[in-house]
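A short write-up of the structure that comes next.
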Amino acid sequence: MQSQPPQDRPWFHPSRHEDRRGFLLARNRIIADIRRWMAERDFLEVDVPAMVVSPGNEAHLHGFETSLIGPDGVASPRYLHTSPEFHCKKLLAAGEKQIFSLGHVFRNRERTATHAPEFTMLEWYRALAPYKLVVHDCLNIIELAAGARKFEWRGRMCDPAAGAEWMTVAEGFQKFAGIDLLATLDGNKPNRDKLAAVSPVAYRVDESWSDIFSRILVEKVEPHLGEGRVTVFYEYPSCEAALARVCAHDARVAERFEIYAAGVELANGFGELTDAAEQRRRFEEEMEIKQRVYGERYPIDEELLQALTLMPEASGVALGLDRLIMLATGATRIDQVQW
């Protein structure tokens, strides 16, 4: 009988596992180093539940749905979380000051070389801290994971030890897409026609300002971020930052940042919004978009809104740990670094 080509063998075949084992051992070392880094700075590791009443209320995030059946046989909907964020914020409301979660999260409709429907997220929060402090946390952790290695991804190089480039979203759109992004806003409200009129990429007639923004970001801007050194891409338009505070110096933009290395997005963070009424309004607006685009909506976590009334000002960030390990080890697909 003819043997299977290596790529057709199951992941648990010894030959396939041997190809991945070096990446997986490096993964364990990096995770141990990160836990040590957190402990040295008095972060408390928290273990949050994966099954929740709401997987999040961002229009283009998709959860896995299940049912919780009580002793009386009555079923109620539950979801696997897309992030530990909501539970972490409840813990900040409870009085915790510096916490981190390192665990699996679940996002439906996601499968590429850099996406998996189940992946590991490192998420942490600092109460009473400016968001740029967690930016520096991120940069330190990325450098820690890299060791002496430079990142390479699809022909792009990045040296995590070279010092970060700080670029606002408006600067990035001007530099790489030739667009005055803030001029496409009416106050802090998006004007779809204004952005469509200057868009350098194709779009559908039924697409919103946010859809066109995402197309331009992915096609024209993201490929240039994190080239040579890590890029801190910050001050997103407020309409693209549903969980972030608006900036004190300009309400058109918010305290949201993303971090890129070699064109790969590694982290997404915020100066956290703590206004419960404003958070409800934003969630409802996002769910209206989700209903229009996908024909479904998720419930709002009422406990979260209650917790926001008790939560101190804080900053937090979510980092895709598998992606970071992929770059740090030279792997070419996310599944190579997942046990």
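Overview of results
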quantity	calculated
Helices (runs of 4 or more DSSP H) enclosed by region 165-258 - at least 3 residues per element that are among the charged types (D, E, K, R)	192-198
Evaluation of PRO160 against (1) within 30 Å of ALA50 (Cβ to Cβ); (2) buried (at least 21 other Cβ atoms within 10 Å of the Cβ) (one fails), failing number	(1)
When residues of region 26-51 are limited to those that are hydrophobic (A, V, I, L, M, F, W, C) and loosely packed, with under 15 Cβ neighbours inside 10 Å, the one nearest to LYS89 (Cα to Cα)	LEU44
Filter pass, ALA267 being out of contact with any strand residue (DSSP E or B) (no Cβ under 9 Å at 6 or more places or on another chain), farther than 24 Å from LYS189 by Cα and surrounded by 13 or more Cβ atoms within 10 Å (Cβ to Cβ)	no
Some residue of region 182-189 being at pLDDT 95 or above, surrounded by 15 or more Cβ atoms within 10 Å (Cβ to Cβ) and over 28 Å from SER199 (Cα atoms)	no
Selection count where residues are outside any strand (DSSP E or B) and touching a residue at least 40 places away in the same chain (Cβ under 8 Å), scope region 133-164	20
First in region 266-281 and over 13 Å from SER238 (Cα atoms), second anywhere and assigned to a strand (DSSP E or B) and among the aromatic types (Phe, Trp, Tyr), Cβ under 7 Å, 6 or more apart	LEU266/TYR260; GLY269/PHE257
Test: TYR125 is crowded, with 16+ Cβ neighbours inside 10 Å, touching a residue at least 60 places away in the same chain (Cβ under 8 Å) and over 25 Å from ILE334 (Cα atoms)	yes
Subset tally (residues that are among the aliphatic types (A, V, I, L, M) and in contact (Cβ under 8 Å) with a residue 60 or more places away in the chain) for region 73-93	2
Selected residue [more than 18 Å from GLU165 (Cα to Cα), surrounded by fewer than 16 Cβ atoms within 10 Å (Cβ to Cβ) and acidic (Asp, Glu)] from GLU272, GLU278, GLU240, GLU286	GLU278
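Rundown of residues vs (1) of a type in the set (Gly, Ala, Ser); (2) at pLDDT 95 or above; (3) closer than 21 Å to CYS88 by Cα, yes/no style:
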| site | (1), (2), (3) |
| --- | --- |
| ALA276 | yes, yes, yes |
| PRO312 | no, yes, yes |
| ALA318 | yes, yes, yes |
| ARG323 | no, yes, no |
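The values are calculated or read from the model by the stated rules, or taken from the named source; none is laboratory data. Small disclaimer: the values here were computed from a predicted structure and weren't measured. We place every Cβ from the backbone using ideal geometry, glycine too, and count neighbours over all the protein chains shown.
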